[in-house]
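Student: Dumping the structure here so I can ask a few things about it.
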Amino acid sequence: MSTIKKVILIGYGTVGQGFYKALKASPIEGIELKAVVVKNKDKERDIAVQYDAIATVESFYYDVIIEAIDDSEVAFTIARKALINGKTVISASKKMLAKHLIELKELERTYGGTLLYEAAVAGGIPVLQITDNYLANDTVHSVRGILNGTTNYILTQTFQKKINPTEALKQAQNAGFAESNPLNDLNGSDARSKLILLVEKLWGIVLKEEDVLTFGIEHLNSDDVQYTQDQYKEIRLIAQAIREGDEVFATVLPTWINLNDNLSAVRAEHNAIVFECEYLGEIQLTGPGAGRGPTGKAIWNDLWQASQSNRYNQLRLHLQSLNTKGHKVAVYVRYSNEAIRSTLTFDKAKETIVNGEFKYLKGLIDVSELQKHKELLQLDKATVIATGYSLEHH
Ligand SMILES: NC(=O)c1ccc[n+]([C@@H]2O[C@H](COP(=O)([O-])OP(=O)(O)OC[C@H]3O[C@@H](n4cnc5c(N)ncnc54)[C@H](OP(=O)(O)O)[C@@H]3O)[C@@H](O)[C@H]2O)c1
């Protein structure tokens, strides 16, 4: 018979409360919640809490730490300490995990602890479990998906309810999906963190943030929306990674999709992931990408795995390299500053100017060209949209 595993929960916000409720509703045999740790002493709580996270993990005996806090530095310190002590860490902090994955995995290997993080990628969709178990016996050629609920909410409101992007953001904030500072959602960096975690699980390579060509929807305006609608398309923020032999190539880009595309049906804060597999063909997972219930259940499920002493499988594949050279993407670039037209080198480009105000270029461009001039594009508040999923390798 297994011994009781003692658990400390750090963070009692959206995710922490969701987990607490899930555990109350479905207790796990062999699991005992010993303490809940938070930060702010002035908040009213409906349960007993501790306050100093680091001191608590240093002074309490525990087997499992659940870390669901919004401070990446503290989250990393806690996860590191726990793994060095050979404990189990369950984390929801995608930003922290994507940044420190190599070191955390190394500590897990060296000291025999366990790191689980289902809630960090696509909220309630069990995408890591499925990738780790079911897809491990197939060759996955590519993955693409909608990994950020806030931007998907904004885009579906914009295209399906005909509300402008700024108004849709306000609605998302009022509904509690978007944070008061939603920049990491809007600029694509939240989706990029999740893509980095997914790529590691699929192919064993940890991409650096700068390896992933990333543009967001923060500068999307009504001209971009109108023009997209005129083409009978919608926009979604698509995170995509493609494996070619020993190489992986990854992007996060606003992307035109056809109105009958499966991803067009993924509405509001929902997420979706599409895998292209050798034997299974195309598999799509869709579900709630964020929120108290789904993320709480994802943590509950990781804890259940920990209660069975389960861990992620060792990867069968360890790709070493990333090569963006020679990859080209078809884009629409709406800009103001003339320097953009003269600086960006397209393979074939067509420039259009409407009423002297609305200027855009359409054509095929090398990914490295967009990377190199990202700052210029950002300063101009230009919008970059991929005009399809396909990435050409020349
Ligand atoms: N919300 C989602 O749907 C979602 C989905 C997937 C992943 N995540 C990730 O999960 C993590 C938590 O997100 P959330 O939405 O639950 O955040 P949240 O609602 O803002 O709650 C954050 C919690 O962390 C606690 N906290 C912050 N710093 C702390 C510290 N130094 N010591 C102890 N507790 C501390 C806060 O304490 P106080 O209560 O005292 O303020 C609060 O209870 C983040 O990394 C987020 O990116 C969130």
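The values are calculated or read from the model by the stated rules, or taken from the named source; none is laboratory data. None of these values were measured; they are calculated from a predicted model. Note: ideal-geometry Cβ built from the backbone for every residue, glycine included; neighbour counts use all protein chains shown.
Student: Right, ILE47: within 13 Å of the ligand (Cβ to nearest atom) and assigned to a strand (DSSP E or B) or not?
Tutor: no
Student: Still on this structure: Within the range 1-30, can you find the residues that are surrounded by 15 or more Cβ atoms within 10 Å (Cβ to Cβ), hydrophobic (A, V, I, L, M, F, W, C) and outside any loop (DSSP other than H, G, I, E, B)?
Tutor: Selection gives VAL7, ILE8, LEU9, ILE10, VAL15, PHE19, ALA22, LEU23.
Student: In this structure, does ASN85 turn out to be farther than 20 Å from ALA298 by Cβ and away from the ligand (no atom under 11 Å from the Cβ)?
Tutor: yes
Student: Moving on. Can you tell me which residues in the range 70-82 are more than 11 Å from the ligand (Cβ to nearest atom) and over 22 Å from GLY123 (Cα atoms)?
Tutor: Selection gives ARG80, LYS81, ALA82.
Student: Just to check your reading of the model, which residue among GLU269, GLU282, GLU276 is crowded, with 19+ Cβ neighbours inside 10 Å, in the same structural domain as ILE385 (by TED's automatic domain parsing) and not hydroxyl-bearing (Ser, Thr, Tyr)?
Tutor: Of GLU269, GLU282, GLU276, the one residue that is crowded, with 19+ Cβ neighbours inside 10 Å, in the same structural domain as ILE385 (by TED's automatic domain parsing) and not hydroxyl-bearing (Ser, Thr, Tyr) is GLU269.
Student: Considering the range 224-255 alone, what residues qualify as being over 24 Å from the mean Cα position of the chain (by Cα), farther than 20 Å from LEU361 by Cβ and of a type in the set (Phe, Trp, Tyr)?
Tutor: Matches in the range 224-255: TYR232 only.
Student: Restricting to the range 105-130, give me the number of residues that are within 18 Å of the chain's Cα centre (by Cα) and either within 16 Å of the ligand (Cβ to nearest atom) or over 19 Å from THR295 (Cβ atoms) (or both).
Tutor: Matching residues across the range 105-130 total 15.
Student: Another one. Of the numbered conditions (1) within 16 Å of the ligand (Cβ to nearest atom); (2) without any contact (Cβ under 8 Å) to a residue 24 or more places away in the chain, LEU186 satisfies every one except a single condition; which is it?
Tutor: (2)
Student: Here's a check for you: in the range 226-282, which residue that is of a type in the set (Lys, Arg) and in a strand (DSSP E or B) is farthest from GLN371 (Cα to Cα)?
Tutor: LYS233
Student: Filter the range 13-33 for residues that are within 16 Å of the ligand (Cβ to nearest atom) and either of a type in the set (A, V, I, L, M, F, W, C) or free of Cβ contacts under 8 Å to residues at least 40 places away in the same chain (or both) and give the result.
Tutor: Residues of the range 13-33 that are within 16 Å of the ligand (Cβ to nearest atom), as a first pass: 13-23, 33.
Those that are within 16 Å of the ligand (Cβ to nearest atom) and either of a type in the set (A, V, I, L, M, F, W, C) or free of Cβ contacts under 8 Å to residues at least 40 places away in the same chain (or both): VAL15, PHE19, ALA22, LEU23, LEU33.
Student: Determine, yes or no, whether GLY204 is in contact (Cβ under 8 Å) with a residue 12 or more places away in the chain, out of contact with any Phe, Trp or Tyr (no Cβ under 7 Å at 6 or more places or on another chain) and at positive phi.
Tutor: Considered against the rule, which asks whether it is in contact (Cβ under 8 Å) with a residue 12 or more places away in the chain, out of contact with any Phe, Trp or Tyr (no Cβ under 7 Å at 6 or more places or on another chain) and at positive phi, GLY204 comes out as yes.
Student: Going through the range 191-205 one residue at a time, which ones are among the charged types (D, E, K, R) and in contact with a strand residue (DSSP E or B) (Cβ under 9 Å, 6 or more places away or on another chain)?
Tutor: Across the range 191-205, the qualifying residues are ARG192, LYS194.
Student: Report whether or not LEU97 is more than 10 Å from the ligand (Cβ to nearest atom), outside the structural domain of LYS194 (by TED's automatic domain parsing) and either at pLDDT 95 or above or closer than 21 Å to THR295 by Cα (or both).
Tutor: No: the conditions fail for LEU97.
Student: Determine, yes or no, whether GLN173 is within 16 Å of the ligand (Cβ to nearest atom), of a type in the set (S, T, N, Q) and over 11 Å from GLY216 (Cβ atoms).
Tutor: It is true that GLN173 is within 16 Å of the ligand (Cβ to nearest atom), of a type in the set (S, T, N, Q) and over 11 Å from GLY216 (Cβ atoms).
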